[in-house]
Amino acid sequence: MGEFRENLAQMPLEDQYYLLETLPGFLVSESDTEQLHRLLTDFDFIESRLYLFGVEYLLNDYEEAMHSNVWTSNEKVKTLKLIQGAIELSSHILVEDKTQLPGQLWGRLLSFEIPEIQEMLQQAKSWNRSPWLRPMAPSLTPPGGRLLRTFIGHTGWVNAVVVTPEGLVISGSADNTLKVWNLETGKEIATLTGHRGRIRAIALLDENW
């Protein structure tokens with residue numbers, strides 16, 4: 001059990017919830033980058049925040065932290081960006097099964113020889129909430145590449161995709177449906193049914209057409 005989890009376990013449940021909800025934002029507002037960096041590279045915090053508030057809240061912690069203008073170390077920002085990227089690549093999996101967190105982080109970050117990341121993975125190694133498979137080598141798409149997020153929902157090949165100026169993604173599939181997604185979060189907003197055949201193309205028309 002890490003220091004963060006030990007300290008958290010000594011608090012009443014109500015105080016634990018309040019601390020996990022407010023601590024990242026408080027450290028950003030206080031420009032305490034040292035504590036903020038330590039918090040966001042601590043597996044126990046990441047896991048606790050994920051279980052209580054979900055993956056989007058967790059990703060937002062990194063977004064707010066990295067947009068703070070008080071960082072004096074680019075290396076620390078780079079480390080946070082890698083962890084955020086790994087969580088984002090795993091978001092469609094973590095939404096369905098939070099117990100996949102340690103395996104996802106190991107599979108995506110093991111190749112990065114950064115002390116804080118390796119220490120975080122060692123923390124994750126002792127995670128025992130449920131059985132999990134620990135990769136022996138980097139086995140999943142790492143952060144920093146072209147893949148940013150995976151959208152899950154179609155049951156057939158996706159043949160057409162458009163992105164709107166409003167931040168929506170519309171996909172057409174061989175399963176005869178159109179789906180509308182939130183580009184930022186990856187969440188499905190709507191499914192449009194009624195087509196009798198596969199959808200091969202999508203055209204957006206402005207309101208003056």
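The values are calculated or read from the model by the stated rules, or taken from the named source; none is laboratory data. None of these values were measured; they are calculated from a predicted model. With ideal geometry, Cβ positions are generated from the backbone for all residues, glycine too; neighbour counts draw on all protein chains shown.
Confirm whether residue 99 is part of a helix (DSSP H, G or I) and within 21 Å of residue 187 (Cα to Cα). Break it down stepwise before answering.
Working: part of a helix (DSSP H, G or I): yes; within 21 Å of residue 187 (Cα to Cα): yes.
Yes.
With the condition kept exactly as written, say whether any residue in region 75-93 is surrounded by fewer than 19 Cβ atoms within 10 Å (Cβ to Cβ) and over 29 Å from residue 34 (Cα atoms).
Yes, region 75-93 contains a residue that is surrounded by fewer than 19 Cβ atoms within 10 Å (Cβ to Cβ) and over 29 Å from residue 34 (Cα atoms).
Would you pick out the residues in region 48-75 that are within 27 Å of residue 99 (Cα to Cα) and touching a residue at least 40 places away in the same chain (Cβ under 8 Å)? I'd like the intermediate steps shown before the answer.
Pass one, region 48-75, residues within 27 Å of residue 99 (Cα to Cα): 48-66.
Those that are within 27 Å of residue 99 (Cα to Cα) and touching a residue at least 40 places away in the same chain (Cβ under 8 Å): 48, 50, 51, 54, 55, 56, 64, 65.
If a residue has to be at pLDDT below 90, assigned to a loop (DSSP other than H, G, I, E, B) and surrounded by 12 or more Cβ atoms within 10 Å (Cβ to Cβ) to count, how many in region 185-197 make the cut?
Looking only at that region, the number is 3.
With in contact with a Pro (Cβ under 8 Å, 6 or more places away or on another chain), over 21 Å from residue 111 (Cα atoms) and at pLDDT 85 or above as the only criterion, which of 30, 56, 34, 64 stands out?
Details: 30 fails: in contact with a Pro (Cβ under 8 Å, 6 or more places away or on another chain); 56 fails: in contact with a Pro (Cβ under 8 Å, 6 or more places away or on another chain); 34 fails: in contact with a Pro (Cβ under 8 Å, 6 or more places away or on another chain).
Only one candidate passes the filter, namely 64.
Suppose we filter region 48-75 for residues that are farther than 28 Å from residue 17 by Cβ and in a helix (DSSP H, G or I); how many remain? Give the steps one after another, and end with the answer.
Residues of region 48-75 that are farther than 28 Å from residue 17 by Cβ, as a first pass: 69, 71-75.
Keeping just the survivors that are in a helix (DSSP H, G or I) gives 74-75.
Residues that pass the stated criteria total 2.
Hey, can you tell me all the residues within region 82-92 that are assigned to a helix (DSSP H, G or I) and under 12 Å from residue 142 (Cα atoms)?
Looking only at region 82-92, we keep the residues that are assigned to a helix (DSSP H, G or I), and these are 82-89, 91-92.
Correct list: 82, 83, 84, 85, 86, 87, 88, 89.
Keeping to region 1-47, report how many residues are closer than 22 Å to residue 114 by Cα, assigned to a helix (DSSP H, G or I) and either acidic (Asp, Glu) or without any contact (Cβ under 8 Å) to a residue 12 or more places away in the chain (or both).
6
With the requirement that a residue be at pLDDT 90 or above and within 16 Å of residue 87 (Cβ to Cβ), what does region 112-139 give you?
Passing the criteria: 112, 114, 116, 117, 120, 121, 123, 124.
Pairs only if they're at least six apart or on different chains, beta carbon under 7 angstrom, first in region 155-176 and surrounded by 15 or more Cβ atoms within 10 Å (Cβ to Cβ), second β-branched (Val, Ile, Thr) and assigned to a strand (DSSP E or B); list them, first residue then second.
168/180; 169/161; 169/163; 170/162; 170/180; 171/158; 171/161; 173/158
Do the conditions hold for residue 110, that is, is it surrounded by 14 or more Cβ atoms within 10 Å (Cβ to Cβ), touching a residue at least 60 places away in the same chain (Cβ under 8 Å) and under 24 Å from residue 5 (Cα atoms)? Explain how you work it out, then say what you get.
Values: surrounded by 14 or more Cβ atoms within 10 Å (Cβ to Cβ): yes; touching a residue at least 60 places away in the same chain (Cβ under 8 Å): no; under 24 Å from residue 5 (Cα atoms): yes.
Answer is no for this residue.
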